[in-house]
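Peer 1: Have a look at this one.
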Amino acid sequence: MNRFFVFPVLAILASACQSAPDVQYKTVFGNTHAHCNYSGDIAKFKAKKGLQLDPKNTVDNHYRIAKENGYDFYCVTDHSQYPEYTLEAWADVKAKADAFTDDTFVGLRGYEHSENDGPDGTGHMNVYNSSMFLNALADSVSIEFLHDWLARPENEDVIVGFNHPAKDAYNDFHCYNEGARDNFKIIELINWSKPRFYPSFLNALSKGWKVSPVAGCDNHGWEGISKWPCRTGLLVTELSQDGVLDAMAHRRTYATLDKNLEISYTVNRKIMGSDIEKADKYRFDISVNEPDSGKEDQVITKIEIVTDGGEVVASSEFQDYNVEWRPVIEDTGKDYYFILVYNASRQDGPIAFVAPVWIER
């Protein structure tokens, strides 16, 4: 159901920075944020109501239900600061993620670092691809400590995302260690089914964070997995754990309220999420495809190109299910550009928020 996009790009890979042959990207869809019974806040909530934990809310069931309902990837990211999150739980999530992964589905383990009352700001962050987890309630583990921990050489490949961020969260998106800045790759614009965090995205970008939009269900149970309409879209080179992590690490992501809306774009032949060399003009090659053609509320109605501070610098209207748009933008000294996509189902805002590109200056 997913299609491949082929772009001649200057690929910036983790192992090299060289010109590469045509890169073939596949669009895949999934959830970056979910909780099973290893999240102690679930136990606390149930206990207050005099209820027992749901025996079906296991990590096994999360991956199984996601796989059965057409997710291409699914990340279990339990809160790490409760007694329920032990080393055994950490290992179990990884073992189950590996067991459910095959050539049609990818399970991933992460954890949610939840700083609720720290002296250096508050906010929740998902951490992926780490060999260990931190307990945000432990003595001295603040956001400042997290940044210092991320800056260690052994954590170079750790990926962090801002979760359901208030506009001024994380001490107004302060960076405590510049060595950790590049670990922060993604930001939730959609949490559950609400695209509430666009102002926070703009604030994070203004503070110098190079982060790309994702949608996190943030489900604390298994029931919502089959019902959730939103997805994180990724452009991957392969559907594997490494392929998903690589797409996140290179910010080839978007957040969509439509679970199968396919979006990709390049700027001056470099793929979304990239750093772009300064030029006099920027040529966008934008592709949007709605597989559910024939449904009137799914028709693509508008695409906007947005720059610093949310300024719309180009816009075009459409009435189609498959759109190719190739505008050219003159350089005006802006730091980044990103894409917003609209369809007929939503009158009060975009249906999808797509990765920026950043201009090297």
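Peer 1: Please identify which residues in segment 157-178 have an amide N closer than 19 Å to a label point set 7 Å out from the Cα of ASP117, following the Cα→Cβ vector.
Peer 2: Counting only backbone N, you get 170-171.
Peer 1: Under a cut-off of 19 Å between alpha-carbon atoms, report the lysines in cross-link reach of LYS194, not counting same-chain residues fewer than 8 places apart.
Peer 2: LYS167, LYS227, LYS259
Peer 1: Further question on the same structure: For a quick size check, give me the Cα extents of segment 87-214 along its three principal axes, largest first, whole Å.
Peer 2: Extents along the principal axes, in whole Å: 40, 35, 25.
Peer 1: If you don't mind, there's one more thing I want to ask. When a/c reaches 1.5 or more, the comparison of a/b and b/c decides; with that in mind, is segment 160-279 rounded, prolate or oblate per its Cα gyration tensor? Show your work: numbers first, answer last.
Peer 2: Numbers: a/c = 1.69, a/b = 1.12, b/c = 1.50.
Cα axes put segment 160-279 in the oblate bin.
Peer 1: Further question on the same structure: Report the one residue of TYR170, TYR128, THR101 whose Cα lies farthest in the direction of the positive end of the charge dipole of segment 71-209 (charges on C-beta: Lys and Arg +1, Asp and Glu -1; origin at the Cα centre).
Peer 2: Positive-end residue among those listed: TYR170.
Peer 1: Starting from the 7 Å offset along Cα-to-Cβ, what nm value, one decimal, do you get for the label separation of ASP102 and ALA279?
Peer 2: 4.3
Peer 1: Using DSSP to define loop residues, name the trypsin sites (Lys or Arg not before Pro) in segment 201-247 whose beta-carbon has at most 16 other beta-carbon atoms within 10 Å. Spell out each step's value before the answer.
Peer 2: Values: sites: LYS207, LYS210, LYS227, ARG231; in loops: LYS207, LYS210, LYS227.
Passing sites in segment 201-247 are LYS207, LYS227.
Peer 1: Counting only pairs 8 or more places apart or on different chains, how many lysine pairs in segment 40-95 have C-alpha atoms closer than 20 Å?
Peer 2: Close lysine pairs found across segment 40-95: 6.
Peer 1: Where the convex hull is taken over the Cα atoms of segment 45-133, what is its projected area averaged over directions, in nm²?
Peer 2: One quarter of the hull surface, i.e. the mean projection, equals 7.2 nm².
Peer 1: Moving on to the next point. Using all alpha carbons of segment 154-219, what is the percent of pairwise distances in each 10 Å bin, ordered from the shortest bin to the longest?
Peer 2: Calculated over all Cα pairs of segment 154-219, the distribution is 23, 53, 22, 2 percent.
Peer 1: Sort the following peptides by mean Cβ neighbour count (other Cβ atoms within 10 Å, averaged over residues), highest first: 244-252, 344-352.
Peer 2: The most tightly packed comes first, giving 244-252, 344-352.
Peer 1: Would you look at the GNM of the chain, springs on alpha carbons closer than 10 Å, and say which of VAL267, VAL160, VAL299 moves the most?
Peer 2: It is VAL299.
Peer 1: Sum -39500 (n - 2.57) across every DSSP H segment of at least 4 residues in the chain, then divide by the residue count to get the 222 nm mean residue ellipticity, nearest 500.
Peer 2: Theoretical 222 nm ellipticity from helices: -5000 deg cm²/dmol.
Peer 1: Let me test this: with uniform point scatterers at the alpha carbons of the chain, what is the Debye-based log₁₀ I(q)/I(0) at q = 0.07, 0.15 1/Å?
Peer 2: -0.28, -1.36
Peer 1: How do 123-131, 94-102 rank on mean C-beta neighbours within 10 Å, highest first?
Peer 2: The most tightly packed comes first, giving 123-131, 94-102.
Peer 1: Also, I was wondering about something else. With point charges of +1 on the Cβ of Lys and Arg and -1 on the Cβ of Asp and Glu, referenced to the Cα centre of segment 158-278, which listed residue (LEU239, GLY216, LEU257) lies farthest in the positive direction of the dipole?
Peer 2: Farthest towards the positive pole: LEU257.
Peer 1: Counting Lys and Arg as +1 and Asp and Glu as -1, each charge on the Cβ, what is the dipole of the chain about the Cα centre in debye, to the nearest 20? All intermediate terms of the calculation are to be shown ahead of the outcome.
Peer 2: Working: 36 positive and 54 negative charges, 113 e Å.
Charge dipole, the chain, about its Cα centre: 540 debye, nearest 20.
Peer 1: Cα atoms only: what Rg and Dmax, in Å, come out for segment 213-361?
Peer 2: When restricted to Cα atoms, segment 213-361 yields Rg and Dmax of 15.7, 51 Å.
Peer 1: Going 7 Å from the Cα of ASP172 along its beta-carbon direction, which residues of segment 180-211 have the amide nitrogen within less than 17 Å of the resulting point?
Peer 2: 199-209
Peer 1: Hey, if you put +1 on the Cβ of every Lys and Arg and -1 on every Asp and Glu Cβ in segment 272-318, which of ALA314, PRO291, ILE276 ends up farthest toward the positive end of that dipole?
Peer 2: ILE276
Peer 1: Calculate, in whole percent, how much of the Cα-Cα pair population of segment 211-288 lies beyond 18 Å.
Peer 2: Of all Cα-Cα pairs in segment 211-288, 51 percent lie more than 18 Å apart.
Peer 1: Here is a follow-up. What is the antiparallel percent of DSSP beta bridges lying wholly in segment 202-361, to the nearest 5?
Peer 2: In segment 202-361, approximately 95 percent of DSSP beta bridges are antiparallel ones.
Throughout, read-outs are computed from the coordinates displayed, never taken from laboratory work. As the structure is a computational prediction, the values presented were derived from the model and not from experiment. Here Cβ is always computed from backbone atoms with ideal geometry, including for glycine, and neighbour counts include all displayed protein chains.
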